[in-house]
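Chemist: Sharing a structure below in structure tokens format, with a few things to ask.
The values are calculated or read from the model by the stated rules, or taken from the named source; none is laboratory data. What you see is a predicted model, and the numbers here were worked out from it, not measured in a lab. Here the Cβ is made from the backbone with ideal geometry for all residues, glycine too, and neighbour counts use every protein chain on show. In case anyone asks, the SASA skips ligands and DNA or RNA and just uses the protein heavy atoms, side chains included. Shrake-Rupley method; radii C 1.70, N 1.55, O 1.52, S 1.80 Å.
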Amino acid sequence: AIAARTAATTPSAKSISVPVVTLDEIVKAGFPPPDFIKIDVEGMEVSVLRGAWEILRTQHPALYVELHGATTPDKERNVGEVVELLHRSGYSALHHVESGAPITREDQPSVREGHLYCR
């Protein structure tokens, strides 16, 4: 949604394909698992977290996640998916950085943007 909005509002914007590899694949290749992950990927947070599922589930690195979405419903859906995925992978201490509030499955709709810190 963010890419489509950018393309619609910025005629000079160009699209390019970039090969990617998941964090789980990097660790399986022999690199040590990270103990801290910063995620700032303009609305693709869930995809990044899914690509690090085994690391999240088994190693529980600290996370700093910037939350995005093109529209308010996109932001709310994205936050809901991020919070659910983190809870399923064993994270229980999620905090909204800007407000300092703890984030649970029940109150996550109040967080539409900003940053999460997870331990």
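Chemist: Using beta carbons and a limit of 7 Å, which pairs, at least six apart or on different chains, have the first residue in the range 3-24 and closer than 30 Å to residue 56 by Cα and touching a residue at least 24 places away in the same chain (Cβ under 8 Å) and the second one of a type in the set (Gly, Ala, Ser) and surrounded by 12 or more Cβ atoms within 10 Å (Cβ to Cβ)?
Modeler: 22/51; 22/52; 23/51; 23/52; 24/51; 24/52
Chemist: When only residues in the range 27-70 that are open to solvent by 90 Å² or more (accessible area, probe 1.4 Å) and modelled with pLDDT under 95 count, which is nearest to residue 114 (Cα to Cα)?
Modeler: Narrowing the range 27-70 to residues open to solvent by 90 Å² or more (accessible area, probe 1.4 Å): 28, 31-32, 35-36, 38, 42, 44, 50, 57, 59.
Subset that is modelled with pLDDT under 95: 42, 44.
Values: 42: 12, 44: 14 Å.
Among residues in the range 27-70 that are open to solvent by 90 Å² or more (accessible area, probe 1.4 Å) and modelled with pLDDT under 95, the one nearest to residue 114 (Cα to Cα) is 42.
Chemist: Okay, moving on. Here are the criteria: (1) more than 20 Å from residue 115 (Cβ to Cβ); (2) open to solvent by 60 Å² or more (accessible area, probe 1.4 Å); (3) in contact with an Asp or Glu (Cβ under 6 Å, 6 or more places away or on another chain); (4) of a type outside the set (Val, Ile, Thr). Tell me which single one residue 24 does not satisfy.
Modeler: For residue 24, the exception is condition (2).
Chemist: Inspect all residues belonging to the range 83-104 and state whether any of them is of a type outside the set (Asp, Glu) and closer than 24 Å to residue 6 by Cβ.
Modeler: Start the filter on the range 83-104 by keeping residues that are of a type outside the set (Asp, Glu), which leaves 83, 85-97, 99-104.
Checking the rest, the ones that are also closer than 24 Å to residue 6 by Cβ come to none.
Within the range 83-104 (the criterion being of a type outside the set (Asp, Glu) and closer than 24 Å to residue 6 by Cβ), the answer is no, since none of the residues qualifies.
Chemist: State whether one or more residues within the range 32-48 are of a type outside the set (A, V, I, L, M) and more than 17 Å from the chain's Cα centre (by Cα).
Modeler: Taking the range 32-48 first, the residues of a type outside the set (A, V, I, L, M) are 32-36, 38, 40, 42-43, 45, 47.
Now restrict to residues that are more than 17 Å from the chain's Cα centre (by Cα): 32-33.
Yes, because at least one residue in the range 32-48 is of a type outside the set (A, V, I, L, M) and more than 17 Å from the chain's Cα centre (by Cα).
Chemist: Among the residues of the range 79-97, how many are farther than 20 Å from residue 54 by Cβ and among the β-branched types (Val, Ile, Thr)? Break it down stepwise before answering.
Modeler: Just the residues of the range 79-97 that are farther than 20 Å from residue 54 by Cβ, to begin with: 79-80, 93, 95-97.
Still in the list and also among the β-branched types (Val, Ile, Thr): 79, 97.
Number satisfying all stated conditions: 2.
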